[in-house]
Amino acid sequence: MNDQTATPKNESGKAAEEHKVSFWAFIGQALHLAFTYRLLASLVALALLVQIAFNLLMPLSYRYIFDNAILNKDMGLLAMLLGILAVGFLLNAGAGLMQDYGTATIGSRVSKSLQEKMFSNLQKQSTDFFSKTPQADIIACFGPDVMAIETALVRGLPSFCMRLVTIVTSLTLLFVIEWRLAMVALLLMPMIAFAPKPFGPRARKFGRSRDDLQSGNAGMVQENLLNHLTIRTFNLSKYREQQFGDRLTRLQEDDFKANFFTSMIGRSTNVAAGFLQIGVLGVGAVLAVMGFLTTGLLIAFIGLLLNIGGATDNLTQAIPLLVQGMNSYSRIQKLLGAQAALPDSPTAKVLPAIQENLKLQGVEFAYQPDHPILRGVDIEIPAGKTVAIVGGSGSGKSTVLSLLMRLYDPNKGKILLDNVDLRDATEASLRAQTSVVLQNTALFDTSIAENIRMGRLDATDDEIVAAAKDAGIHDLIETFPDGYQSVVGSQGGSLSGGQRQRIAIARALLRNPRILFLDEATSALDAHTEAEIGATLDAISADWTVVSVTHRFTHITNYDLIIVMEKGLVVESGTHEELLAKDGRYAMLWRKQSGFTITDDGKASISVERLRGIPFLSECSDEVLLKLSKSLVSESFAAGKPVFEEGEPGSKFYIVARGKLENYVKLEGDKETPLGMLDDGDYFGEMALIRPVPRTWSVRAVVDSTCISLDRQQFMELMDADPKLKEAVTSTAYERAAEWTQAIMEAADA
Ligand SMILES: Nc1ncnc2c1ncn2[C@@H]1O[C@H](COP(=O)(O)OP(=O)(O)OP(=O)(O)O)[C@@H](O)[C@H]1O
């Protein structure tokens, strides 16, 4: 099971929904966030009021300074007015300090609280959420988005509120001191409101698109880091650079437009404010000349008007910060609004430790409507027994395991632990008695000791060492310079696959689970390591209930029960011997996997008897098959490496000795369309044995794989020795070519 890809179809992990927030709704939300810290927010509000009052006091004082103090040469009045201004100034400075302190504290607290909430909600999400939400988007929420909201709260919101109130109060005062001039100002005022109108929506549109592109680019960088080996070995550097370059070009365009239109909001408002001031000044000067206004009144009026101009200017600087905060808030809300996967029901009870069994009862399940995956499955896993689930690729084995681990709930039927429906149990009580080892375990970028401790957080150092010993990794850890404190690197990259898997097993063991789930836990490892780890698991899990999903049968021959699945149904079950005796699907798969030998250095060979199991070789004499087996060559393919690619001239036939490979074709340009999986015992490419036609599909290793190959040249010689062989291989090759063509056509239709 790949824990990145599962997608629940039921209530678990509803995909996060887009939360679009309008500008004014965001202002409301931002005020709400700020007033979570009531005292601090009230202090900031008070500080803003003091500053607004001072800003009004200044221009109003001009009237009295000019008309009363200066014109009447009244030094006493002048001193008093200047004194009041000085006190006001000090209060204003103190209020500014208080505002800075308050907003900085609120900003940092809101940022911390948002990150805590997002992180906590992330822990509850389903695999569906993680497979559908780009990682870079999630990471951006914790970085630039939180920063943008903090900036909006610390700088944008206070400035916006203060300037807005300043504009309204200044306007009111304009009416009080000279209504005729105020009417002129009011008539011109709509210009300020309408001037930025054409630019706002565009600034938002391109801003959002720029942010999306930016987080997409971050995702691509992240992907490059993870896949740097594939990029280098496949010589994809130029291709990736070009892809990134294209994205940057789009980003550059949208970035330019976002910045330009955002600036235009401010610029157009300023230009309109300038017109307003010139208009009012002109009319005011005429009124003053005509004797309708005193000079002091006109100066006070212009002071207030400049106040409005300055406030408008500041407002236009605050708006982009708020717009940015608003976009970020939408993304953060999307993350916060994502529904937790399968929350405990209010009546959920604590599961006691398993005594009897774990059961699937009439289980039906689909990831997507109309695509049933499990179609009525009944399985009983007795407590303390070892149970393997096997079957063809895509038969639903990992899905069964996911349901047993309650990563999803069934659409129909029940999963019961000692007859308690998992839906009626608390998640914690299920997790407490289960442990899991997956095919590719990602480790945390911390010490080996901490990685093992994740199995049980209160484990002592001695218990960690004991678990490592049981997992057969202790001696190796001791050879590292920092021993258990050695840091494993991102995703455990400084360790081999086998070492990582052993650490994952130590982690699982530390939990001392009653139930151990294994999902292809060892199949990505080389044969030698797989055998060793398999033996370790057998030895240590004797008292546990073990459920192992595997496609390799050699390690499950001693299991208490083997369940065989096909197309979402259980088709057979029993012990290894019982199933072989039945000579059904299991026996067929067993024969397919048998007859291969893999040496410690990874070289594969195949027995003559096994070669005879390949239909077109079934009629060959022992002598021909012996010759054939000697002509075969062992070839290894690292995970991700191609065996051959569509269009290449075919020259070899392959038998998979060990591993997993995928077939695909490229349809509609470069889009890869999967055709199927190949694993131990499967064979492919027989057309290449009879003629050098180009390959019609590609094959690539999914995990490190070993194949046995046969070259056409050598096969020709054998065919000369046995004419029946040529006939058999030709008819098989054409039959299978027809099957593949059909598969490709179906894939194209799909
Ligand atoms: N998250 C998902 N969303 C949609 N379909 C899925 C998802 N996970 C698995 N499937 C589909 O469900 C089917 C069963 O998958 P599952 O992984 O259970 O099979 P499997 O028997 O374990 O196969 P394999 O041996 O290849 O791992 C497959 O067709 C697969 O494509």
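Just so you know, all these numbers are worked out from the coordinates, no wet-lab data involved. Only a predicted model underlies this, so the values are computations on that prediction, with no experimental measurement involved. Virtual Cβ from ideal backbone geometry, glycine too; neighbours counted across all protein chains shown.
When the chain is described by a simple charge dipole with +1 on each Lys and Arg Cβ and -1 on each Asp and Glu Cβ, the residue from Val400, Thr706, Phe292 located farthest towards its positive end is Phe292. Charges were assigned to the Cβ only: +1 to each Lys and Arg, -1 to each Asp and Glu. The resulting dipole of the chain about its Cα centre is roughly 3260 debye.
Over segment 387-544, Cα pairs under 8 Å with separation of 6+ residues give a relative contact order of 29 percent. First measure r as the distance between the Cβ atoms of Ala535 and Leu97, then evaluate 1/(1 + (r/R0)^6) with R0 = 56 Å and state the FRET efficiency to the nearest 0.05. Rounded to the nearest 0.05, the efficiency is 0.20.
If R0 is taken as 30 Å, the Cβ-Cβ distance between Ala86 and Leu39 corresponds to a FRET efficiency of 0.50. Legend: distances between Cα atoms for Lys117/Lys349; Lys603/Lys724; Lys349/Lys414; Lys641/Lys666; Lys397/Lys603; pairs beyond 20 Å are Lys117/Lys349; Lys603/Lys724; Lys397/Lys603.
The slack between Met588 and Ser651, meaning 0.36 nm per residue of separation minus the straight C-alpha distance, is 19.8 nm. Could you state the angle between the C-alpha long axis of helix 497-510 and the longest principal axis of the C-alpha atoms of the chain, as a value from 0 to 90 degrees rounded to the nearest 10? Approximately 80 degrees, to the nearest 10. For the chain, the 222 nm mean residue ellipticity estimated from helices alone, with every DSSP H stretch of n ≥ 4 adding -39500 (n - 2.57) and the total spread over all residues, rounds to -17500 deg cm²/dmol. Each Lys and Arg Cβ is given +1 and each Asp and Glu Cβ -1; about its Cα centre, segment 357-582 then shows a dipole of about 520 debye. Computed on segment 98-208, with alpha-carbon pairs under 8 angstrom and 6+ residues apart, the relative contact order is 31 percent. Each label point was placed 7 Å from the Cα along the Cα-to-Cβ direction; for Lys724 and Ser494 their separation is 6.2 nm.
When the chain is described by a simple charge dipole with +1 on each Lys and Arg Cβ and -1 on each Asp and Glu Cβ, the residue from Tyr329, Leu718, Ala587 located farthest towards its positive end is Tyr329.
Using 0.36 nm per residue and subtracting the Cα-Cα separation, the extra length available between Leu164 and Asp711 on full extension is 188.8 nm. DSSP bridge analysis restricted to segment 357-582 gives an antiparallel fraction near 55%, rounded to the nearest 5. Taking a Cβ cut-off of under 12 Å around Pro694, the surrounding Lys, Arg, Asp and Glu residues balance to a net charge of -1, with basic ones at +1 and acidic ones at -1. Once the Cα atoms are used to define both axes, helix 23-34 deviates from the longest principal axis of the chain by about 90 degrees. Annotation: peptides 544-554, 60-70, ranked by per-residue average of other Cβ atoms within 10 Å with the highest first, follow the order 544-554, 60-70. When the inverse distances between all different Cα atoms of the chain are averaged and flipped, the Kirkwood radius reads 32.0 angstrom.
Angle of helix 461-470 to the longest C-alpha principal axis of the chain, folded into 0 to 90 degrees and rounded to 10: 30°. A convex hull fitted around the alpha carbon atoms of segment 357-582 yields 124 Å³ per residue.
Measuring max minus min along each principal axis, the C-alpha atoms of segment 23-337 give extents of 89, 40, 28 Å (largest first).
The residue among Ile278, His551, Ser120 whose Cα reaches farthest toward the positive pole of the charge dipole of the chain, with charges on the beta-carbon of Lys, Arg, Asp and Glu, is Ile278.
Working ranking of peptides 396-408, 428-440 by packing, defined as the average number of other Cβ atoms within 10 Å per residue, highest first, is 396-408, 428-440. A straight Cα-to-Cα reach below 18 Å connects Lys412 with the aspartates and glutamates Glu11, Glu364, Asp370, Asp378, Glu380, Asp421, Asp424, residues fewer than 8 places away in its own chain not being considered. Here the calculated FRET efficiency for Asn68 and Asp313, from their Cβ-Cβ distance with R0 = 25 Å, stands at 0.20, rounded to the nearest 0.05.
The distance between label points at Glu577 and Asn259 comes to 7.8 nm (points 7 Å beyond Cα on the Cα→Cβ vector). Calculation over all alpha carbon pairs of segment 316-432 in 5 angstrom steps from 0 returns a P(r) of 2, 10, 16, 17, 15, 10, 7, 5, 5, 5, 4, 3, 1, 1, 0 percent. Bridges between two residues of the chain, per DSSP, are antiparallel at a rate of about 75%.
The mean sequence separation of alpha-carbon pairs under 8 Å and at least six residues apart, normalised by the residue count of the chain, gives a relative contact order of 12 percent. Between Lys238 and Asp418, the contour length at 0.36 nm per residue exceeds the alpha carbon distance by 59.0 nm. Distance between the pseudo-spin-label points of Thr599 and Ala428 (7 Å out from Cα toward the beta carbon): 5.6 nm. For the peptides 415-426, 298-309, residues were scored by their other Cβ atoms within 10 Å and the scores averaged per peptide; the highest-first order is 298-309, 415-426. Sorted fewest first by neighbouring Cβ atoms within 10 angstrom, Tyr559, Tyr734, Tyr586 come out as Tyr734, Tyr559, Tyr586.
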